[in-house]
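The values are calculated or read from the model by the stated rules, or taken from the named source; none is laboratory data. Predicted model, so just to flag it, every value in this text is computed and none were measured. In this analysis, Cβ positions are derived from the backbone assuming ideal geometry, glycine residues included, and neighbour counts consider all displayed protein chains.
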Amino acid sequence: MHQIKLADNIYFLGFNDRRTNLFENIWPIPNGISYNSYLIDDEKVAIIDTTERQFIEDYLEKIQGIIGDRKIDYLIINHMEPDHSGALRAIRARYPDITLVGNKKTFGFIENFGMDPGKVLLVNDNDRLCLGKNNLQFQTIPMVHWPETMVTYDESNKIVFSGDAFGSYGTLDGGVFDDEINLDFYEVDVMRYFTNIVGKYCPHTQRAMKKLSGLEIKMIAATHGPIWRTDLNWVLSRYTKWSSYDMEQGVVIVYGSMYGHTQKMAEVIARQLSERGIKNIRVYDSSKTHSSYIINDIFKYKGFIVGSCAYNNALFPNVETLLATIEHMAPKAHYLGIFGNFLWNGGGVNNLKKFAEMIKWEMVGEPVEEKGSLKADKFQMCIDMGNAMADKLLQ
Ligand code: FEO
């Protein structure tokens, strides 16, 4: 295999996963994902994070291909999630004298995963580790994306090994560095990785970026996706925008509909938004589109309109699941409209009102609830909702 270098003595140890359908067993990854680890071959040898367990054998082989029979001195654990710590046990078994480098939360997680951390080096913010030529510095970035996460900064080459931060879904199909790749391919996957995995922790992401802004950074090497060495602003500007809830003028309309009546209401609202000049309108059937993509667009657009038919006197289950995901991810500061449909006792709109009370987004227009097929008065209310949302977005 090719040996891919970030600098004279820093190697990329990445693997492409095109088999897994759901990342974290939740989020669809039709374009796959890469798990990136790094090796610094200095007087002391260090690896930064490991890989997912399906790649253990190839991972060990790749390391041996670089350092031969030398030993690894340090395993730096930026993040303990198993997509990066999957080879920890195997590394410990192969290199029993290795020292694990992490912060105090890291070692607690190792124990809770049933492992004895063995020899450890506990690091705090600004602590340094000299490998010979390479001086490493550590900075914790809690909740990006777990409590123990930290970054490792190579002062010599000005590379930040950033863990999940600035990562992406999508495999590395030959190209590894941003200048080797047409980044259009990663446009949606970088954002989806952010909104699905890190998006719940926007304030933490902002704090992390502020902390890293004190470093001179020439390269960002994340644990997933491309390595940023040419146009760092491509990813940094996006993270700044997304983590500050800086949204575009547009509306996501999601509905749950069994026989099409609620869908018709969505179509009317969408058309009215269009007639008012709103160009970004995404209409989703909650039964068809995975919440990964819907959440992504909710982070992107300021307007959100949700409709549900009644289902056993409650919300349509897929709408209920989506709303629970939104509540969990807690995106901020949207305009919200609600609508729905019932035939006997209702249950859709009533529960959407409860969601509105909980999420505390600014309500737009009057809730619209039709009984059965869409008739003139509720048709007009759907038009009114489209107008009310357009007024807000255009003001
Ligand atoms: Fe890629 Fe939070 O693990």
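Here's the yes/no breakdown for (1) crowded, with 21+ Cβ neighbours inside 10 Å; (2) in contact with a helix residue (DSSP H, G or I) (Cβ under 7 Å, 6 or more places away or on another chain):
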site: Lys200; (1), (2): no, yes
site: Gln206; (1), (2): no, yes
site: Leu215; (1), (2): no, no
site: Ala222; (1), (2): yes, no
site: Trp234; (1), (2): no, yes
site: Ser244; (1), (2): no, yes
site: Val252; (1), (2): yes, yes
site: Tyr255; (1), (2): yes, yes
site: Tyr259; (1), (2): no, no
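Between Asn25, Asn9, Asn16, the distinction of being within 16 Å of the ligand (Cβ to nearest atom) and either at negative phi or touching a residue at least 24 places away in the same chain (Cβ under 8 Å) (or both) belongs to Asn16 only. For segment 139-166, taking the residues that are hydrophobic (A, V, I, L, M, F, W, C) and touching a Ser or Thr at 6+ places or on another chain (Cβ under 6 Å), the one that is nearest to the ligand (Cβ to nearest atom) is identified as Val144. In the set (1) more than 16 Å from the ligand (Cβ to nearest atom); (2) buried (at least 20 other Cβ atoms within 10 Å of the Cβ), the condition left unmet by His79 is number (1). May I ask you to verify whether Ala333 is out of contact with any helix residue (DSSP H, G or I) (no Cβ under 7 Å at 6 or more places or on another chain), under 27 Å from Lys279 (Cα atoms), among the hydrophobic types (A, V, I, L, M, F, W, C) and touching a residue at least 60 places away in the same chain (Cβ under 8 Å)? Answer is yes for this residue.
For residues that are among the basic types (Lys, Arg) and modelled with pLDDT under 95, tally how many sit in segment 81-127.
Narrowing segment 81-127 to residues among the basic types (Lys, Arg): 89, 92, 94, 104-105, 119.
Applying the additional criterion that residues be modelled with pLDDT under 95 yields 104.
Total meeting the criteria: 1.
All conditions but one from (1) among the small types (Gly, Ala, Ser); (2) surrounded by fewer than 21 Cβ atoms within 10 Å (Cβ to Cβ); (3) within 16 Å of the ligand (Cβ to nearest atom) apply to Gly102; the one that does not is (2). Among (1) more than 16 Å from the ligand (Cβ to nearest atom); (2) part of a helix (DSSP H, G or I); (3) touching a Lys or Arg at 6+ places or on another chain (Cβ under 8 Å), there is one condition Ser292 misses while meeting the rest; what is its number? It is condition (1) that Ser292 fails.
Got a number for residues in segment 339-369 being charged (D, E, K, R) and either buried (at least 22 other Cβ atoms within 10 Å of the Cβ) or touching a residue at least 24 places away in the same chain (Cβ under 8 Å) (or both)? So the answer is 2.
Residue-wise test of (1) in a strand (DSSP E or B); (2) away from the ligand (no atom under 14 Å from the Cβ).
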residue: His2; (1), (2): no, yes
residue: Ser34; (1), (2): yes, no
residue: Glu57; (1), (2): no, yes
residue: Leu60; (1), (2): no, yes
residue: Ile63; (1), (2): no, yes
residue: Arg70; (1), (2): no, yes
residue: Leu75; (1), (2): yes, yes
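Does segment 114-124 contain at least one residue that is in contact with a Lys or Arg (Cβ under 8 Å, 6 or more places away or on another chain) and either β-branched (Val, Ile, Thr) or outside the structural domain of Leu75 (by TED's automatic domain parsing) (or both)? No, segment 114-124 contains no residue that is in contact with a Lys or Arg (Cβ under 8 Å, 6 or more places away or on another chain) and either β-branched (Val, Ile, Thr) or outside the structural domain of Leu75 (by TED's automatic domain parsing) (or both).
The lone criterion from (1) away from the ligand (no atom under 16 Å from the Cβ); (2) polar (S, T, N, Q); (3) out of contact with any Ser or Thr (no Cβ under 8 Å at 6 or more places or on another chain) left unmet by Gln206 is number (3).
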